[in-house]
Amino acid sequence: MNRLLACLTFLFAFATAVFANTEKVIFIAPPSAKVPPSLQIAQQLEQTALTPYNTTVRSSLPVAFPSPDLSFGREHWYLLRRLRSKQRYEVRICWSATQPTDFSLKVFEIDEILRDEQLLSSAGQSGLQDLGANAAFYISDQTESILALRIQATADFFTVNQTLMRYPPPVDVDIILDPYLANIFPASLVPTAIYILLLAVTGWYVSGVVWSLIRNTVRSGKSHPD
Ligand SMILES: *[C@@H]1O[C@H](CO)[C@@H](O)[C@H](O)[C@H]1NC(C)=O
């Protein structure tokens with residue numbers, strides 16, 4: 001009985017993930033390039049950059065209901081830096097199901113942003129700026145594989161409470177950069193894969209034992225008919 005309880009506890013420890021939502025984008029890191037000196041990156045943004053050495057950012061993101069001004073909610077920008085070029089990665093955003101929100105993720109190359117007025121202005125409002133002049137303070141001269149991540153956050157609930165409808169509260173999120181092992185499998189899912197494999201192997205073994213138990217019972221029943 002205790003063993004059964006332990007098994008159930010073990011199972012439900014993994015089930016907590018069910019109560020959270022996830023959205024993700026998968027991409028291949030671009031070739032290393034010199035970061036344009038016309039791009040200045042606010043210190044605040046630099047601190048929240050995701051790199052292979054700093055893979056998780058925990059944040060509270062302001063959201064908005066769709067409106068003519070904000071047709072895709074609020075936009076937030078993060079930099080993905082020091083990537084390994086040609087490596088496949090995914091970025092996930094996870095948030096609690098108790099804060100219903102629509103997140104949309106997309107990655108852009110820096111050049112792409114610099115060429116597009118709209119992207120540039122959105123990125124600028126979020127701290128990613130093309131001020132030209134005193135640029136490159138936060139960017140070294142070295143080349144690197146770098147992308148910008150745009151997160152569009154739209155509130156997705158309805159309540160009769162007018163205050164909440166006008167000012168939807170910020171949503172607590174985890175943003176995670178995850179490299180794929182051999183460009184096939186997300187590295188952070190390896191423990192889950194091992195867990196499932198263990199379950200499968202154990203299940204196979206246990207079913208064998210149960211089957212032989214049943215067979216023996218049936219056989220001994222046949223050989224001693226009373
Ligand atoms: C509406 O929501 C706000 C924020 O959660 C809360 O402070 C306020 O009491 C609510 N108003 C009503 C009428 O329930």
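Where a number appears in this text, it was derived from the coordinates with a stated rule and is not lab data. All values derive from a computational prediction rather than experimental measurement. Here the Cβ is made from the backbone with ideal geometry for all residues, glycine too, and neighbour counts use every protein chain on show.
Brief remarks follow.
- When you work out D = kT/(6 pi eta Rh) for the range 181-226 at 37 °C and 0.692 mPa s, using the Kirkwood radius from C-alpha pairs as Rh and the Stokes-Einstein form, the result is 242 µm²/s.
- Our note on the geometry: Cα centres of the range 146-196 and the range 65-116, 10 Å apart.
- Counting Cα-Cα pairs of the range 48-89 in 10 Å increments starting at 0 gives whole-percent bin shares of 24, 35, 27, 14.
- Other residues within the sphere of radius under 10 Å centred on the Cβ of Val63, judged by their own Cβ, net out at -1 (K and R +1, D and E -1).
- Under 26 Å from Lys106, Cα to Cα: lysines that are on another chain or at least 8 residues apart: Lys24, Lys34, Lys86
- The range 49-110 - charge dipole about Cα centre, Lys and Arg +1 at Cβ, Asp and Glu -1, debye rounded to 20: 460 debye
- The overall shape of the range 68-121 is oblate: from the C-alpha gyration tensor, with semi-axes ordered a ≥ b ≥ c, the ratio a/c is 1.5 or greater and a/b is no larger than b/c.
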